[in-house]
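First comes the structure, then the notes that go with it.
The values are calculated or read from the model by the stated rules, or taken from the named source; none is laboratory data. Only a predicted model underlies this, so the values are computations on that prediction, with no experimental measurement involved. As a convention, Cβ positions derive from the backbone with ideal geometry for all residues, glycine included, and neighbour counts pool all protein chains shown.
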Amino acid sequence: MTIRYPNGKAYRQPSAAKATRSKFANVNFGDRGMSLEEELNASNTYYLENGIAVIHKKPTPIQIVKVDYPSRSAAVIREAYFQHASTTDYNGVYRGKYLDFEAKETKSKTAFPLKNFHEHQIEHMRQCLQQGGICFVIIRFAVLERLFLLRATDLNSYWDRQATGGRKSIPLADVEQLATEIHYHINPLIPYLDAVDLIMDAPSSSH
């Protein structure tokens, strides 16, 4: 099946994750065999089932344009389009506050490329911030096996500087200084709400 973006460009499905090894086999969760999305989904399930937060991955509306019917009881989708550009990956409610965030990863060892984000995603987070929401990005340096939560306000600063000739990435050293590093756990696998607590409990009201 071919799925296309609103501009007609073909969408390439990420490669399937390898079989997941036991979460309890090793305290070091490096090379866990799960994608970042799967890890976050598992963590959100834990938060939901334990009454901690209600956070879900946003579905992306798809318009089907070509369907084959090889038999009366079966239909095969051959071509489809994303109906509109997506905003961010996740949203929900925690401690009475609206959360909205994106999850990205890079193979770079030295910096996080801003090209991983899109203008409409940055604008969406700006709008959520204006309404008092808590917005951030969870970024993973895959090769280094390091995970960080970076506030959207800090991401926006780098994005705006890029537009005026600044560098097109966030150096790892800056990420280490500005973001909160998240260490893998058992339950939840990614305890990112601990980092959100730091944002919510900070004296400044800017998220």
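Quick check, is LEU172 closer than 21 Å to GLY51 by Cα and in contact (Cβ under 8 Å) with a residue 12 or more places away in the chain?
no
Restricting attention to segment 52-111 and to residues that are of a type in the set (D, E, K, R) and over 18 Å from the mean Cα position of the chain (by Cα), the residue that is modelled with the lowest pLDDT turns out to be GLU79. Report every pair of residues separated by at least 6 positions or lying on different chains whose Cβ atoms are under 7 Å apart, first residue within segment 49-73 and aromatic (Phe, Trp, Tyr), second at pLDDT below 95. Final answer for the pair search is TYR69/ALA75.
Checked against (1) within 25 Å of HIS56 (Cβ to Cβ); (2) surrounded by 15 or more Cβ atoms within 10 Å (Cβ to Cβ), GLN131 passes all but condition (2).
Taken across segment 187-196, residues that are under 16 Å from the mean Cα position of the chain (by Cα), polar (S, T, N, Q) and under 29 Å from ASN50 (Cα atoms) do not occur at all. For the condition under 23 Å from LYS57 (Cβ atoms) and more than 14 Å from the chain's Cα centre (by Cα), LEU155 does not qualify.
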